[in-house]
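**Q** Sending over a structure as structure tokens; questions will come in a sec.
Here, each number is a calculation from the coordinates, and none is a lab measurement. Note that the structure is a prediction, hence the values are computed from the model and not measured. Neighbour counts are summed over all protein chains in view; Cβ atoms, including those assigned to glycine, are modelled from backbone coordinates with ideal geometry.
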């Protein structure tokens with residue numbers, strides 16, 4: 001059933017020269033951003049501040065997560081020139097903190113890990129003073145693929161848990177709750193220099209107490225940073241919003257999370273995985 005969005009979820013239409021310039025740069029570089037593909041509500045704010053999350057490995061996902069607006073189907077061949085274009089675009093944008101994510105590519109043996117590695121390497125070449133965050137898929141649980149990414153030493157490895165385990169089959173078919181927790185734990189056990197980060201959505205039908213339990217599980221995996229935001233259904237063909245959490249509830253979750261030992265939590269109705277990511281690095 002459709003629910004009208006509350007006042008606290010209303011955002012301004014994206015406008016301004018910086019917003020338009022970022023759009024032009026991305027199109028001329030033949031690059032994608034998750035900001036655009038996923039209809040992020042913060043796109044106007046972020047583009048106007050000259051920040052963006054690059055989307056690599058194409059713009060078609062091989063999985064069918066029912067909350068996500070990214071196109072699903074048969075993915076395109078890999079573009080091995082893409083890493084350098086991302087690095088050059090990041091330099092032209094003057095980014096201090098560069099975030100890279102991707103569609104899920106279950107059709108590729110390493111899930112695209114080698115392209116992540118090439119992208120990190122290219123970014124380091126063109127932007128030696130910038131920090132790098134990668135928001136990675138689960139690589140179907142492959143340690144080899146994860147090691148390929150970790151081998152390039154990004155500053156942050158982010159992997160979203162998204163929802164509570166009870167809802168995984170409905171929300172994230174093809175993914176696994178324990179598999180995702182294991183990925184975060186593997187990163188923490190393998191490196192003391194890489195910051196670990198995860199994200200959650202609220203409003204998919206979970207109970208408040210279930211979110212708290214997932215927060216504990218993520219923290220127990222050794223995760224440093226957590227983002228929590230309101231799920232917003234992209235279209236009527238996606239999963240509906242079961243309820244809208246009040247901003248005070250997000251504040252409560254942040255307070256509880258900091259007591260669990262997280263180093264940083266971004267929690268609010270419009271928070272997304274990369275929202276204020278540069279602030280999380282102290283920049």
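**Q** Pull out the extension gain between residue 155 and residue 193, defined as 0.36 nm times the separation in residues minus the alpha carbon to alpha carbon distance; nm, one decimal.
**A** My answer for the length gained is 12.9 nm.
**Q** Would you calculate the separation in nanometres between label points at residue 208 and residue 178, each defined as 7 Å from the Cα along the Cα-to-beta-carbon direction?
**A** Each label point is offset 7 Å from its Cα along the Cβ direction, giving 3.1 nm.
**Q** Any chance you could run the full-extension gain for residue 252 through residue 60? It's 0.36 nm times the residue separation minus the Cα-Cα distance, nm to one decimal. Let's see the in-between values first.
**A** Details: separation 192, 0.36 × 192 = 69.12 nm, distance 3.63 nm.
My answer for the length gained is 65.5 nm.
**Q** What is the distance, in nm, between label points placed 7 Å from the Cα along the Cα-to-Cβ direction at residue 5 and at residue 143?
**A** Going from the residue 5 label point to the residue 143 one covers 4.4 nm.
**Q** Moving on. State whether region 102-195 is rounded, prolate or oblate according to the following rule on the C-alpha gyration tensor (a ≥ b ≥ c being the square roots of its eigenvalues): a/c under 1.5 gives rounded; otherwise a/b larger than b/c gives prolate, and the remaining case gives oblate. Numbers along the way, then the final one.
**A** Details: a/c = 2.06, a/b = 1.68, b/c = 1.23.
Verdict is prolate for region 102-195.
**Q** Continuing with the same structure: Given labels modelled 7 Å from the Cα in the Cβ direction, how far is it in nm from residue 259 to residue 72?
**A** Taking the two extended label points, one gets 3.8 nm.
**Q** Taking 25 Å as R0, compute the FRET efficiency from the Cβ-Cβ separation of residue 21 and residue 129 and round it to 0.05.
**A** Numbers: r = 22 Å, r/R0 = 0.88.
Efficiency, from the Cβ-Cβ distance: 0.70.
**Q** Using r as the Cβ-Cβ distance of residue 216 and residue 243, and R0 as 30 Å, what FRET efficiency do you calculate, to the nearest 0.05?
**A** 0.85
**Q** Report the Cα centroid-to-centroid distance between region 88-155 and region 244-259 in angstrom, as an integer.
**A** Value for the Cα centre distance between the two parts: 30 Å.
**Q** Let me ask you something else. Efficiency by 1/(1 + (r/R0)^6): what FRET value for residue 185 and residue 28, r their Cβ-Cβ distance, R0 = 51 Å, to the nearest 0.05?
**A** Once the sixth-power term is evaluated, E becomes 0.80.
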